[in-house]
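The values are calculated or read from the model by the stated rules, or taken from the named source; none is laboratory data. Just so we're clear, the structure is a prediction, and the values are computed from it rather than from any experiment. Note that we place each Cβ from the backbone using ideal geometry, even for glycine, and neighbour counts take in every protein chain shown. In case anyone asks, the SASA skips ligands and DNA or RNA and just uses the protein heavy atoms, side chains included. Shrake-Rupley method; radii C 1.70, N 1.55, O 1.52, S 1.80 Å.
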Amino acid sequence: MCRNITTLRGLEPEATAEEIEAAARQYVRKVGGVQATSARTEAAVEAAVRAVADATATLLASLPPRQQPPPTLPPLRRLSRPAHRQSTARPPAAS
């Protein structure tokens, strides 16, 4: 599996359409060997991204909830958080 694609299942709040599309785009680029689209590849890449994003959204909606959050945040969430707050680990329960 491409190590740049992070787990989207179990995020709080749920994965957004933008996060799903970003993961689909990474997957299509990796599998297709296309880092940047050209006039010759753009239509095929965009159609594949839509198909993979749709399949991913269907998969996430069909799976049962996770017991724990994923170990890492998706890249779009990492960009919006300070570096010291990137962990998704839950704090200990208050007594």
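See the values below:
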item: Solvent-accessible ranking of Leu59, Leu76, largest area first, probe 1.4 Å; result: Leu59, Leu76
item: Förster-model FRET efficiency, 35 Å R0, Ala61 and Ser38, C-beta, rounded to 0.05; result: 0.55
item: R0 of 22 Å, Cβ-Cβ distance Leu76-Arg50: FRET efficiency to nearest 0.05; result: 0.75
item: Whole-number D in µm² s⁻¹ for segment 1-52, Kirkwood Cα-pair radius fed into Stokes-Einstein, 10 °C, 1.306 mPa s; result: 135 µm²/s
